[in-house]
1. Here are the criteria: (1) within 16 Å of the ligand (Cβ to nearest atom); (2) part of a helix (DSSP H, G or I). Tell me which single one T244 does not satisfy.
2. Scan segment 282-298 and tell me whether some residue there is over 30 Å from A380 (Cα atoms), surrounded by fewer than 18 Cβ atoms within 10 Å (Cβ to Cβ), out of contact with any Gly (no Cβ under 8 Å at 6 or more places or on another chain) and modelled with pLDDT of 95 or more.
3. Would you call W105 touching a Ser or Thr at 6+ places or on another chain (Cβ under 6 Å) and surrounded by fewer than 24 Cβ atoms within 10 Å (Cβ to Cβ)?
4. List the residue pairs whose Cβ atoms are under 8 Å apart, where the first residue sits in segment 465-480 and is without any contact (Cβ under 8 Å) to a residue 40 or more places away in the chain, the second is of a type in the set (S, T, N, Q) and outside any helix (DSSP H, G or I), and the two are 6 or more positions apart or on different chains.
5. Is it the case that some residue within segment 412-429 is crowded, with 16+ Cβ neighbours inside 10 Å, touching a Leu at 6+ places or on another chain (Cβ under 8 Å), touching a residue at least 12 places away in the same chain (Cβ under 8 Å) and assigned to a loop (DSSP other than H, G, I, E, B)?
6. Can you tell me which condition P66 does not meet? The list is (1) modelled with pLDDT under 95; (2) part of a helix (DSSP H, G or I); (3) within 21 Å of the chain's Cα centre (by Cα), and all the others hold.
7. Please state which of the following conditions V404 fails to meet, knowing it meets all the rest: (1) under 26 Å from the mean Cα position of the chain (by Cα); (2) surrounded by fewer than 21 Cβ atoms within 10 Å (Cβ to Cβ); (3) among the β-branched types (V, I, T).
8. Kindly list the number of the only condition in (1) under 20 Å from the mean Cα position of the chain (by Cα); (2) crowded, with 22+ Cβ neighbours inside 10 Å that fails for F304.
Amino acid sequence: KWWISLLIITRISRTFLFSVKFSPVIYVSYFLKPHLLILRHCKTFLKACNLDLVPFDPDIQTKILPGVTHWQSPDYFAYFPSNSSVAGFLGEMLSAGINMVGFSWITSPAATELEMIVLDWLAKALKLPDEFLSTGQGGGVIQGTASEAVLVVLLAARDKVLRRVGKDAIGKLVVYCSDQTHSALQKACQIGGIHPENFRMLKAVSCRDYALSPDALSEAVSHDLATGLIPFFFCATIGTTSSTAVDPLPALGKITKSNSMWFHVDAAYAGSACICPEFRHYIDGVEEADSFNMNAHKWFLTNFDCSALWVKDRSALIQSLSTNPEFLKNKASQGNLVVDYKDWQIPLGRRFRSLKLWMVLRLYGLEKLQAYVRNHIELARRFEEHIAQDQRFEIVTPRKFSLVCFRLRPPQSNEDYANKLNHDLLDAVNSTGKLFISHTVLSNRYILRLAVGAPLTEERHILAAWKVFQDEAATLLSKC
Ligand code: PLP
């Protein structure tokens, strides 16, 4: 592994050197330091986050690292993962060295072209319908985050319906999702001028593992239509943030289609697993969707930030988000010959983010990426097995991917007491400093979440984590 890393570093360095050869200052400050940092980064990976290797500057040791939460640690199990990898890091480095601002095709044709190519590759790996490919009316674009992705499609959908019904009807537009949908959608509605009363968070069903029932959507849409409102946008989630619930896309998609609504699928975390044939069925029904999003920066070895968004109708995005000031006019754009990604996103400027995704796809390849997510899912399964064998704990929702939702059973069946007990357990476990987990609340129950997904996590880390849970639970229960 070492020599492979060095080989890549040498090759990338040559490219990097070429890109900055006209600037000796940049050469010294940007070339040498990242070069050494990369060596250290590889060592960090190989030596399991040994922090002694990282910094040159003592201030980094004394002032920065003590305040850093180590998302790349193999004992990091909180929220969802945010993967780093040698390939992702090298892509970031090359992008920082080139440092172009690719808002229009002409400002760096390779940036736009590569983004179109890698998002087509990823769409094919996910077996998305061809309408999402750049060869037709749709295409992919890299947004910074899933929040930006849902915002831009909401704006596109809003303007599309307003062109049909007239701008004055904005107060009648209604957005639907489940109460398990990420808060990013609510924020998008606030920004997009959707009346707060027209934001419908439908209750997900606990007996369906917190997925949304199609009946709930159908009833809400019918009710709103009957009162003169205009249902126009629905967001389903594959892998909800709290418990990785999977909304049933085929049935939900039919409802949105028959009501001419925009159908967005948020697979920010779980999308990565869907490159494996055995997990692809979770996004069956994506054929009905207008847009699909997954965060390559979560569980796909691509350094933050890299949120992949595909749309079937790129013109909807462009009509909503394009501007054409004199100072940006150029022959390629005016001739409609190229993609100008500035018209697919909120800001003008954009980084060369496709480089890191390209490197990840090229260096690791589909099979290794599949093995990577499978391994985390298997580790999560083993952790879940330990919980199932210990009567003091219970699994709260069945695990689908690499997130385990569980809690300590209280000695007395009192929900308030159970919630406090689990809250205290989370505090106790995190206070050991040996691992880091997060929590959620489902049906008023405080629940512990352990998300496997850091690149360095192995079975021994899972076992060590389980031991911490057992020890801290024993201490807490002995005080009851
Ligand atoms: N959607 C889901 C399902 C998520 O889990 C998250 C974050 O964890 C988001 C959206 C928001 O992601 P981002 O930080 O990329 O906006």
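1. (2)
2. no
3. Values: touching a Ser or Thr at 6+ places or on another chain (Cβ under 6 Å): yes; surrounded by fewer than 24 Cβ atoms within 10 Å (Cβ to Cβ): yes.
So W105 passes the test.
4. Filtered contacts from segment 465-480: V468/T432.
5. no
6. (3)
7. (2) is the only condition that V404 fails.
8. Result: F304 fails condition (2) only.
The values are calculated or read from the model by the stated rules, or taken from the named source; none is laboratory data. These numbers come from a predicted model, not from an experiment. A quick note on method: Cβ atoms are made from the backbone with ideal geometry, for glycine too, and the neighbour counts reach across all protein chains shown.
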